[in-house]
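*Asks:* This structure is in structure tokens; I'll ask about it shortly.
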Amino acid sequence: MIKPPIVQPTDEVTTVGKVFTTPLVVKGKSWFPIAQVLAWPIMAWVAKKRRPERSWLQSLGVGALTMPVVLGSEWGHNLAHAAAAHIVGKPMDAIRVIGGMPLLVYYDINDETVTPRQHIMRSLGGPVFNILVLPIALLFRQRTDPDSVGRDIANTAVATNAFLPAVGLLPIPGIDGGPILKWSLVEKGHTQPEADLTVRKVDGVLGALLLAAGIVFLKKRRWFIGGLLLQLAAYALSIALGFLREQE
Ligand SMILES: [Zn+2]
């Protein structure tokens, strides 16, 4: 989802495979699956919270099944970006595995040879994947017994595949919605600097809304969603105020 310049063309990386036409690379030992190691106990905690009568050992067992659903949805999202990039004939430069998760690498996000439409298609790939998985997950949820582990898996699949496109499509640079807005404007005839400025203005309004929503949730003691909204607000406002730039 996020596309920082995490590998430079000159960096020494090991190519471990190819996804469509894009090399899958690792750098040193930074591929070590930290995300999986961290997400497992978190998902065990979620499982225990949903059904407190479970032992911690049982909860860890459920977490071992739901963790790959969460992280797999993010992997699928990113591989779908790679697929979309491949389909439009503008593959990304690399996919780097870091901390067990994929990061999409574009050496130049304003690559002149990529048309606005191609930029938009690449950015849509990931969210479209989750939006397609969502109805399948909902159907699976409907067919599981509320007391079953299957329901935990289904709940996780629904939540993750709703969450990823919902956040991803926010019009903030660095996630999918930012480039979609920017390149839609360029396609309509705006220059790139004009489009960047419009995105900043939109992020100012969005940041204020996210901040207000975050405060409401924190007041209701909904710490997770409140905290997340505040983080997104800080991010959007940093873009709006020019503290954060997509690329120098
Ligand atoms: Zn994405």
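The values are calculated or read from the model by the stated rules, or taken from the named source; none is laboratory data. Since the structure is predicted, the reported quantities are computational estimates derived from the model, not experimental observations. All Cβ positions, even for glycine, are placed from backbone atoms using ideal geometry, and neighbour counts span all protein chains on display. To get the accessible areas, we keep the full protein, side chains included, count just its heavy atoms, and leave off ligands, DNA and RNA. Shrake-Rupley method; radii C 1.70, N 1.55, O 1.52, S 1.80 Å.
*Asks:* Residues that are open to solvent by 40 Å² or more (accessible area, probe 1.4 Å), free of Cβ contacts under 8 Å to residues at least 40 places away in the same chain and not β-branched (Val, Ile, Thr): list the helices (runs of 4 or more DSSP H) wholly contained in region 129-248 that include at least 3 such residues.
*Replies:* 149-168, 192-219, 223-241
*Asks:* Name every residue in region 86-98 that is touching a Ser or Thr at 6+ places or on another chain (Cβ under 7 Å), more than 15 Å from the ligand (Cβ to nearest atom) and open to solvent by less than 30 Å² (accessible area, probe 1.4 Å), in order of residue number.
*Replies:* Ala94
*Asks:* If only one of Pro146, Pro91, Pro171 is modelled with pLDDT under 95 and closer than 30 Å to Glu194 by Cα, which one is it?
*Replies:* One residue alone meets the criteria, Pro91.
*Asks:* Identify all residues within region 99-128 that are more than 16 Å from the ligand (Cβ to nearest atom), open to solvent by less than 40 Å² (accessible area, probe 1.4 Å) and under 25 Å from Ala35 (Cα atoms); write none if there are none.
*Replies:* Gly99, Gly100
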